[in-house]
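Structure first, then comments.
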Amino acid sequence: GEMDHLEGPQEEQNWLDQEAHQHDEEDDEAKRLAAQVRVLCWIMTNPKNIKSKARHVKATWGKRCNTILFMSSQDEDSLPAIGLNVGEGRDNLWAKTKEAFRYVYEHHIDDADWFLKADDDTYVIVENLRYLLKDYNPEEPIHFGRRFKPYVRQGYMSGGAGYVLS
């Protein structure tokens with residue numbers, strides 16, 4: 001009985017090593033694409049969501065962006081978040097979005113090829129996004145996202161789902 005007990009963890013260890021080894025190649029591909037397909041992620045948040053939502057984006061998928069920025073109505077050093085000169089609330093969302101894009105354009109236009117707008121409760125698999133974008137030319141005007149059609153005939157990109165602009 002005691003020998004069986006000793007063999008168990010060893011077998012498990014080999015399986016884990018093999019699993020880790022398989023991911024090495026995927027990691028190399030992810031690193032190569034991260035250099036080749038530069039994505040700036042900007043995350044819409046607000047002061048009351050910084051601890052409950054935004055910091056978790058920063059701790060998880062946000063790390064995989066080439067650049068990550070958090071946009072809020074007031075500066076927050078702990079994240080950090082950039083305070084835009086716009087109030088909170090649904091009526092201010094479009095103004096906040098325009099100000100965020102203006103900020104990104106003025107300060108980070110050369111830092112990335114693609115610009116992802118997401119909310120603080122969105123989850124993005126950045127590697128898959130890069131894989132999608134790699135065959136497109138970021139110099140051409142192009143966008144990807146979830147298109148909504150209410151209100152305007154041509155439709156618009158859903159901010160909640162997130163969208164990416166060249």
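Numbers at a glance
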item: Residue-normalised accessible area of region 16-166, expressed per residue, 1.4 Å probe, Å²; result: 63
item: Around G145: net Lys/Arg minus Asp/Glu count, Cβ-Cβ under 14 Å; result: +3
item: Normalised convex hull volume, region 75-166, alpha-carbon set, Å³ per residue; result: 134
item: Dipole-positive endmost among W94, A118, Y151 within region 82-163 (Cβ charges, Cα centre); result: Y151
item: Accessible-area composition of the chain, carbon plus sulfur, in percent [1.4 Å probe]; result: 49
item: Semi-axis lengths (Å, descending) of the ellipsoid that matches the C-alpha gyration tensor of the chain; result: 37, 21, 15
item: Size of charge dipole - region 73-166 - debye, nearest 20, with Cβ of Lys, Arg +1 and Asp, Glu -1, no other charges; result: 720
item: Candidates V152, V39, V104: whichever shows maximal mean-square fluctuation once the chain is modelled as a Gaussian network with Cα springs under 10 Å; result: V152
item: Percent of beta bridges antiparallel (DSSP, the chain, rounded to nearest 5); result: 40
item: Cβ crowding within 10 Å averaged over residues, with 84-97, 114-127, 49-62 ranked highest first; result: 114-127, 49-62, 84-97
item: Centre separation in Å (Cα based) which lies between region 139-162 and region 24-61; result: 21
item: Charge dipole (debye, nearest 20) of the chain; +1 at Cβ of Lys and Arg, -1 at Cβ of Asp and Glu; result: 1640
item: Radius 13 Å from Cβ of N92, net charge of other residues (Lys, Arg +1; Asp, Glu -1); result: 0
item: Number of Lys pairs (Cα under 14 Å; 8 or more positions apart or on different chains) in the chain; result: 4
item: Distance (nanometres) between label positions extended 7 Å along Cα→Cβ at T67 and I142; result: 2.1
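The values are calculated or read from the model by the stated rules, or taken from the named source; none is laboratory data. Here the structure is a predicted model, which is why all the values come from computation and not from measurement. When we count neighbours, we look across all protein chains shown, and the Cβ atoms used for this are built from the backbone with ideal geometry, even at glycine. These accessible areas exclude ligands, DNA and RNA; they are computed on the full protein's heavy atoms, side chains included. Shrake-Rupley method; radii C 1.70, N 1.55, O 1.52, S 1.80 Å.
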